[in-house]
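> Here's a structure for you.
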Amino acid sequence: MTDQVFDRAQLAEAVGNDIADMAHFWMLRKFQFLEPAREQFEIIVDPWLSYCEEPSQNEIMAYNMAFTDWLLFERPYRHGKTLLELYVEEPPTSLSPAALKRLEQVRDTQYFSRFGILDKDPATGMVALKDTRADRRFDVYDPHIVQKEHWSDGAIAVRLACVDDVWLTAGQLYLYDIARLSDTAVDGPGAVHPEDLQDGFDTSCISFFLRLVRDIMGAQGRYVKSLNIYEQEWE
């Protein structure tokens with residue numbers, strides 16, 4: 001393993017720990033915001049799990065991970081700022097300057113989209129991703145995506161962030177679509193669909209992330225019937 005690869009691995013681990021520590025900080029204070037946030041999320045997504053008598057643990061875990069991702073990175077909480085933004089602006093005294101610097105970069109660059117997988121390099125853990133919505137290429141360090149051999153022709157929906165000039169995945173939510181990119185280039189998961197207004201819900205006013213989660217996990221979601229959830233196996 002080269003020094004550069006080792007440094008990327010160390011950086012990815014550090015950023016993952018930073019985000020986990022931030023999430024733990026807010027979970028200790030969840031009584032301040034959790035219930036109204038969960039109610040808002042459920043109204044928007046209308047999860048099919050609410051209508052399922054015996055959902056599996058993997059299904060529950062995936063839904064909770066989607067909620068947590070939205071809660072930390074997207075939902076305005078106080079003064080129109082997210083939990084991540086508030087944590088960085090008023091960090092706990094225990095947060096090191098290095099961790100604060102990394103999280104500031106996550107705050108400024110975090111971005112969720114669906115990406116086509118252009119190339120993988122197992123030796124370095126790097127994967128080349130092309131944003132399906134903005135036609136932009138990202139070279140990302142993520143051995144997990146690289147090592148999934150069947151993740152190739154479809155699209156991977158993940159949240160990215162750039163820290164110390166290295167693009168990384170932020171969080172643990174990986175949503176892989178086996179459909180070829182050409183089949184979902186227009187009106188695919190996360191798009192504003194014609195039927196959205198037919199059921200009385202205007203999705204144009206919500207984020208791409210929420211639209212995608214609604215599409216694949218919502219009771220009325222266009223793709224919910226084809227959703228398969230697997231437990232993460234970290235290499």
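> With label points built 7 Å along Cα→Cβ from the Cα atoms of Asp135 and Met27, find their separation and express it in nm.
Going by the 7 Å Cα→Cβ label model, 4.2 nm.
> Please report the relative contact order for the chain, taking Cα pairs under 8 Å with a sequence separation of at least 6, and give it as a percent rounded to a whole number.
Relative CO of the chain lands at 20 percent.
> With +1 on the Cβ of every Lys and Arg and -1 on the Cβ of every Asp and Glu, and nothing else charged, how large is the dipole of the chain about its Cα centre, in debye rounded to the nearest 20? It would help to have the intermediate numbers written out before the result.
On the way: 23 positive and 40 negative charges, 81 e Å.
Here the size comes out at about 400 debye.
> Another one. For Ser113, Ser204, write out the residues from largest to smallest accessible area, computed with a 1.4 angstrom probe and no ligands counted.
Details: Ser113 0, Ser204 70 Å².
Order by accessible area, largest first: Ser204, Ser113.
> Leaving out ligands, DNA and RNA, and with a 1.4 Å probe, what % of the accessible surface on the chain is carbon or sulfur?
Here it works out to 49 percent.
> Counting DSSP beta bridges in the chain, what percent are antiparallel, to the nearest 5?
95 percent
> Right, here's the next one. Quick one: 3J(HN,Hα) in Hz for segment 137-154, Karplus 6.51/-1.76/1.60 with θ = phi - 60°, rounded, Gly and Pro as x.
8, 10, 9, 10, 8, 7, x, 4, 5, 4, 7, 7, 4, 7, 7, 9, 7, x
> Once you treat every alpha carbon in segment 56-111 as an equal point and sum by Debye, what is log10 I(q)/I(0) at q = 0.14, 0.24, 0.25, 0.27 Å⁻¹?
Once normalised to I(0) and log-transformed, intensities are -0.46, -0.94, -0.97, -1.04.
> Taking amide hydrogens as modeled 1.01 Å from N in the peptide plane, which residues meet the under 5 Å criterion relative to Leu118, leaving out close sequence neighbours?
Ala128, Leu129, Lys130
> Per the Debye formula with a single identical scatterer at each Cα and no solvent contribution, what log10 I(q)/I(0) holds for segment 1-217 at q = 0.09, 0.13, 0.17 Å⁻¹?
Computed log10 I(q)/I(0) values: -0.39, -0.82, -1.35.
> List the residues, sorted by chain then number, that are 5 or more residues from Ala191 or on another chain and whose placed amide H is less than 5 Å from its amide H.
Hits under the 5 Å cutoff: none.
> So, in Å, what gap is there between the alpha-carbon centers of segment 149-223 and segment 22-94?
The distance from the Cα centre of segment 149-223 to that of segment 22-94 comes to 18 Å.
> Please give the solvent-accessible surface of Asp196 in Å², to the nearest 10, using a probe radius of 1.4 Å with every protein chain present.
Looks like 10 Å² after rounding.
> Kyte-Doolittle cut-off -0.5, length cut-off 30 Å along the helix's own axis using Cα: show which whole DSSP H helices in the chain pass.
Span-like helices, by this rule, are 3-27.
> Then there is this: Quick one: how many Å² of Asp139 are accessible to a 1.4 Å probe, rounded to 10?
Result for Asp139: roughly 80 Å² accessible.
> Measure off 7 Å from each Cα along the Cα-to-Cβ vector at Ser152 and Leu86, then give the distance between these two points in nanometres to one decimal.
Spacing of the two 7 Å Cα→Cβ label points: 4.6 nm.
> Could you pull out which residues in segment 128-151 have an amide N less than 14 Å from a spot 7 Å beyond the Cα of Asp183, following the Cα-Cβ vector?
none
> Residue by residue, what Karplus-based ³J(HN,Hα) values in Hz, rounded to whole numbers, does segment 186-197 have, using 6.51, -1.76 and 1.60 with θ = phi - 60° and x for Gly and Pro?
Per-residue couplings from phi come out as 10, 6, x, x, x, 6, 8, 9, x, 6, 4, 6 Hz.
The values are calculated or read from the model by the stated rules, or taken from the named source; none is laboratory data. The model shown is predicted, which means the values in this text are computed figures rather than measured ones. No Cβ is skipped: glycine too gets one built from the backbone with ideal geometry, and neighbour counts run over all protein chains shown. To get the accessible areas, we keep the full protein, side chains included, count just its heavy atoms, and leave off ligands, DNA and RNA. Shrake-Rupley method; radii C 1.70, N 1.55, O 1.52, S 1.80 Å.
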